[in-house]
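So the structure is just underneath, and the comments pick up after that.
Throughout, read-outs are computed from the coordinates displayed, never taken from laboratory work. What you see is a predicted model, and the numbers here were worked out from it, not measured in a lab. Here the Cβ positions follow ideal geometry from the backbone for every residue, glycine too, while neighbour counts run over all protein chains shown.
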Amino acid sequence: ELFEIFGTDRAAATPSLELFRDRVHPDDCARFDAAMAAAIEGNTNFSCEVRITLQGGGVKHVHALGEIQTGPGRDTEVIGTVMDLTERKRTEQALHDAEADLARTLRLATVAELTASIAHEINQPLAAIVANASACARFLARGPAALPNAREAADCIVSDATRAGEVTRRIRALLRKEAPRHVVLEINRIVDDVIDLLRATLDRQRVAIRTDLTDSLPPIMGDPVQLQQVLVNLITNAAEAMRETLGWPRIVTIRSRLGENETVVVSVEDTGSGLDPQTLDRIFDSFYTTKAEGIGVGLSISRSIIEAHGGQLSAAPAPQHGACFSFTV
Ligand code: ADP
């Protein structure tokens, strides 16, 4: 097996530590020597992951492990073996690359949603600001100036401008490369934010949004941007599942209620195609998708986000048509 890993002809070489040492990748030699020296000095086992270079020029990842045998009056002996990790490393790297790509894709998808609603969300307060500013100018130009009306128009300008500022704040939060930050937050506020974000897109898809949010839920600890991403995902999936819906209304209903032990439960229910019981346990797997343009990572990423918040994300059939996804935080 070792000859196989090292790609050497068993007739051409006698196994030895030197033979192994010579093959260790130059960048890993120092680490390998240090691990070996530490083991010999401390008379302990050793374990070290290194790359080895093959005669043909290829590189393999191996895990070298061994033990030191020593005793009075005898030479120190190192007995070791190596395990080939190349395949595992390749898979890990592929997975890591895929995860990085997908996290980026998900983020971009969220940004795309966002971009679609920016025009809508910013245009509205801007138009109101223009209207209120001209009204304000007119009230001031009157003789005598209609001061209370002018003040009212100015107040409206302030709140519209604040609303437009909130939109930019959300975009900045989404684009900032910040590590997840757990803060105290109100889940209903997150739901409202996401609905604001997706309203224009859902209108275009002729999907009605209903909410049934329980007032005065306990505050929760979480990362607002990540929880927004989960909701964006669930609502986008709901809308996509209702694309083919004919004969009954396309409705997505978002509910929040108190769960057990001071947790909060949020659910997103649709009137779409529903879940196939045969594949129900696979929809949370990475890369599982039934959509032509799907990537199949939305639910798996959402589930890891919710689990990182100490909660659970699950799916069940909706009472009439469609599916209901719920999570606890
Ligand atoms: P993607 O949306 O890229 O397919 P997801 O991980 O978000 O990836 O979803 C995986 C699969 O789960 C979908 O392709 C679909 O088959 C199923 N699914 C998700 N949400 C719903 C829903 N609301 N109704 C019916 N099926 C759904």
Q: Would you please give the FRET efficiency between residue 163 and residue 99, computed as 1/(1 + (r/R0)^6) with r the Cβ-Cβ distance and R0 = 35 Å, to the nearest 0.05?
A: 0.45
Q: List every residue whose amide H lies under 5 Å from the amide H of residue 211, counting only residues 5 or more places away in sequence or on a different chain, with H placed 1.01 Å from N in the peptide plane.
A: 254
Q: May I have the extent of the alpha carbons of segment 28-75 along their three principal axes, as whole Å values ordered from largest to smallest?
A: 43, 17, 15
Q.
Placing +1 on the Cβ of each Lys and Arg and -1 on the Cβ of each Asp and Glu in segment 128-272, which of 195, 128, 224 has its Cα farthest towards the positive end of the resulting dipole?
A. 128
Q | residue 215 paired with residue 289, simple spin-label distance in nm, labels 7 Å along Cα-to-beta-carbon | A | 4.3
Q: Averaging sequence separations of C-alpha pairs under 8 Å and six or more residues apart, then dividing by the length of the chain, give the relative contact order as a whole percent.
A: 10
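Ignoring trypsin sites (Lys or Arg not before Pro) that are buried or in helix or strand per DSSP, and keeping those with at most 14 other beta carbon atoms within 10 Å, what is the longest stretch of the chain between them? Please report the intermediate quantities before stating the final value.
Numbers: sites that count: 10, 142, 176, 177, 181, 206, 243, 282, 291.
Longest gap between qualifying sites, sites excluded: 11-141.
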Q: Collect residues whose amide H, placed 1.01 Å from N in the peptide plane, falls under 5 Å from the amide H of residue 264; neighbours closer than 5 in sequence don't count.
A: 259, 329
Q. Given springs between every Cα pair under 10 Å in a Gaussian network model of the chain, which of 302, 267, 314 has the largest fluctuation?
A. 314
Q: Can you check what the Kirkwood hydrodynamic radius comes to for segment 178-329, Cα pairs only, in Å to one decimal?
A: 15.7
(Q) Treating only the Cβ of Lys, Arg, Asp and Glu as charged (+1, +1, -1, -1), what charge dipole size does segment 185-275 show about its Cα centre? Round to the nearest 20 debye. (A) 400
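With viscosity set to 0.890 mPa s and temperature to 25 °C, compute the Stokes-Einstein D of the chain, Rh being the Kirkwood radius across alpha carbon pairs; µm²/s, no decimals.
Details: Rh = 25.2 Å.
Estimated via Stokes-Einstein, D reaches 98 µm²/s.
On a full-extension model of 0.36 nm per residue, what is the gain between residue 278 and residue 312, subtracting their alpha-carbon distance, rounded to one decimal in nm? Spell out each step's value before the answer.
On the way: separation 34, 0.36 × 34 = 12.24 nm, distance 2.12 nm.
The span from residue 278 to residue 312 would gain 10.1 nm if fully extended.
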Q) For the pair residue 9 and residue 90, how long in nm is the line joining their label points, each one 7 Å along Cα→Cβ? A) 2.6
Q: Kindly provide log₁₀ I(q)/I(0) values, in the same order as q = 0.10, 0.18, 0.24 Å⁻¹, from the Debye equation applied to equal alpha-carbon scatterers of segment 1-109.
A: -0.40, -0.93, -1.33
